[in-house]
1. I'd like the full set of residues that are in contact with a Lys or Arg (Cβ under 6 Å, 6 or more places away or on another chain) and among the polar types (S, T, N, Q), limited to region 107-136.
2. Checking the condition in the same structural domain as Gly162 (by TED's automatic domain parsing), touching a residue at least 40 places away in the same chain (Cβ under 8 Å) and assigned to a helix (DSSP H, G or I), which residue from Ala81, Ala92, Ala98 passes?
3. I'm trying to understand the selection: among the residues of region 51-63, which are assigned to a strand (DSSP E or B) and in contact (Cβ under 8 Å) with a residue 40 or more places away in the chain?
4. Residue by residue through region 2-21, note down the ones that are small (Gly, Ala, Ser) and on the phi > 0 side of the Ramachandran plot.
5. Suppose we keep only residues that are outside any helix (DSSP H, G or I) and at pLDDT 95 or above within region 109-121. Which one would you say is nearest to Pro160 (Cα to Cα)?
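The values are calculated or read from the model by the stated rules, or taken from the named source; none is laboratory data. Remember, predicted model here, so these are calculated numbers, not experimental data. So basically every Cβ, Gly included, is an ideal-geometry build from the backbone, and we count neighbours across all protein chains shown.
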Amino acid sequence: MIQAVRLRKHYGQTKAVDDLSFVVRPGRVTGFLGPNGAGKSTTMRMILGLDTPTGGDVTIDGKYYSELKQPLRKVGALLDAKWVHPNRSARAHLKWMAVSNKIPVSRVNEVLEIVGLTEVAHKKAGGFSLGMSQRLGIAGALLGDPEVLLFDEPVNGLDPEGILWIRQFMHRLADEGRTVFVSSHLLSEMAQTAQDLIVIGKGKLISQTTTEQFIADATQDHVRVRSPHALKLREILVAHATVTEDAVDGALVVHGIPAQQIGEIAAENQIVLHELSPQRGSLEEAFMQLTKESVEYHAH
């Protein structure tokens, strides 16, 4: 378990992290979301003892990272896939990490196999693509078979097969009772990966809840309806619901009544339907809605 209590990090007058409290529980994949500049990377660095908090605390199972004698056996992390010395081979890189934490060198071959890098184990890491570097970073995080895992943008550079693999792999890690904390800007992927969410903006907590509840709290379900008699159907539906029009294809977007009731109304009025599809709000919609006041960099 990771616990932050009133965590703060200031750089002069800039408050990168501002009175932030949250809990990351074992047995779940917890997504860490926020706009650019929200303080996600700074928070992760403080968890790992790479940055010193200005105030507050962040602990791993009740201990500071600096108190862990063999930290890789407790915590595995991937924050920067390209931090590896370019002239070291993948195997040499993992070997020195293993030796530094008294991890059996045999574990190096195991994690290389897990991430699919066995065939390139003796190649220099400087020649790796971003996707291969991500896999090497994940291998390093897994090296000590840790109970707690942190990943910052782990799917950057991965192909679709690799993205599916890391998603399923994170779920397996959580199912084993591990604490899995992952930051990403790929909201469509987070919607399929994270069971819980911690969302921050401008260094402050915006929400901590399940992914499902986060979406439900910030969006409204609706129904898409297409019909060759859309105008007539719309005139009838406005007495029961809020009806707008999809700007892309002209479909009716109905809020306030379920698809079954819309179908019954159409049938009663002998209106042919070409589409009647319930639509749930997306994580992207919910994120944009709840973080719009916390976006620091706006495009024009």
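1. Passing the criteria: only Ser133.
2. After applying the criteria, what remains is Ala98.
3. Scanning region 51-63 gives Gly55, Gly56, Asp57, Val58, Thr59, Ile60.
4. Gly12
5. Applying the filter and picking the extreme gives Leu117.
Let's see how each residue does on (1) in contact with a helix residue (DSSP H, G or I) (Cβ under 6 Å, 6 or more places away or on another chain); (2) free of Cβ contacts under 8 Å to residues at least 60 places away in the same chain; (3) buried (at least 18 other Cβ atoms within 10 Å of the Cβ); (4) not in a strand (DSSP E or B):
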position: Ala141; (1), (2), (3), (4): no, no, yes, yes
position: Asp145; (1), (2), (3), (4): no, no, no, yes
position: Phe151; (1), (2), (3), (4): no, no, yes, no
position: Pro154; (1), (2), (3), (4): yes, no, yes, yes
position: Gln168; (1), (2), (3), (4): no, yes, no, yes
position: Arg172; (1), (2), (3), (4): no, yes, no, yes
position: Phe181; (1), (2), (3), (4): no, no, yes, no
position: Ile198; (1), (2), (3), (4): no, no, yes, no
position: Glu212; (1), (2), (3), (4): no, yes, no, yes
